Amino acid sequence: MTTEKCAVIDELLAMLQHRDGLVRQKGRRLLVEEGGAAVPGLCRILLNSPSKDARWGAAKALGEILDPDSVPALLDALEDRNSDVAWLAAVALKGLGREAWKPVLQRLVERGVDSVAVRDGVHHVFVGQKFDRYEELFATVVRSLEFGELDEAGSMAAAEILKRMLNDLWQECRDMGEGGDPG
C-alpha cells in the first residue's frame, strides 16, 4: 500500500472518531469502499477506541467489507461493553459464514462457559446458517445456546465439529500431497 493510500485511510479512520454522526457515517462509507486495505485500521479502532460510536462504525464497516482478516477482532468485539457493538460484531461474523465457523467455535469452547456475551454472539452467528454435513452437530450447539447457556451436549458438539474440521483439513492436505485433487 502506498504512503498516499495509507494517509487517506488514516484520515478516514479519524473521521470515525468525530463527534458529528454525519462525519462518522461518511468516513465509514468511504472506508468500506477502500475494502481490505481499511481492515487493519478498522480492527484497531474496534478493539481500542474509547468511543462507542467509533467502535460501532468500525464493526459496521467490517460487516460490510467481510474480510476474513477481521475475524480475530470481531471475536474479541463479541464482548464489547456496548451491546450494539457486540451485536454488529456477531452480524459481521455471521456474514463471513463458513470462513468464521472454526474460530467462532474455538472461541465458544474457550470462553463460552464464562461469557454470556460470547454465548449470545455465537448463537446469533449460527442461527439460520446452513451447515451441510455438520447440520446435526451445529443444531445441537444452537439449541444449547438458545437460553444463554452452553450445556454439556452443546460443548461436546462444538468440540466434535472442530475435530471433524481438523480431520477434513488433514485429509485435504494428504490428498494434495498425493497429487490428488481435493475438490
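The values are calculated or read from the model by the stated rules, or taken from the named source; none is laboratory data. All figures in this text were calculated on a predicted structure; none of them were measured in a lab. We place every Cβ from the backbone using ideal geometry, glycine too, and count neighbours over all the protein chains shown. The area values use the complete protein model at the heavy-atom level, side chains included, leaving out ligands, DNA and RNA. Shrake-Rupley method; radii C 1.70, N 1.55, O 1.52, S 1.80 Å.
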Sort C173, C6, C43 from largest to smallest accessible area, using a 1.4 Å probe on the heavy atoms of the protein chains. C173, C6, C43
Descending Cα extents along the principal axes, region 50-183, whole Å: 52, 33, 23
Accessible carbon and sulfur surface of the chain relative to its total accessible area, %, 1.4 Å: 51 percent
Return a whole-number percent for the relative contact order of the chain, with Cα pairs under 8 Å and 6 or more residues apart as the contact set. 13 percent
By average Cβ neighbour count within 10 Å, what is the ranking of 116-125, 140-149 from highest down? 116-125, 140-149
State the extension gain, in nm to one decimal, for the chain segment bounded by D10 and R44, taking 0.36 nm per residue of separation less the distance between their alpha-carbons. 11.1 nm
May I have the count of lysine pairs in the chain with C-alpha atoms under 15 Å apart, counting pairs 8 or more residues apart or located on different chains? 7
Length gained if V127 through V109 is fully extended, taking 0.36 nm per residue and subtracting the Cα-Cα distance, is 4.7 nm
Per-residue ellipticity at 222 nm attributable to helices in the chain (runs of n ≥ 4 DSSP H, -39500 (n - 2.57) apiece, nearest 500 deg cm²/dmol) works out to -23500 deg cm²/dmol
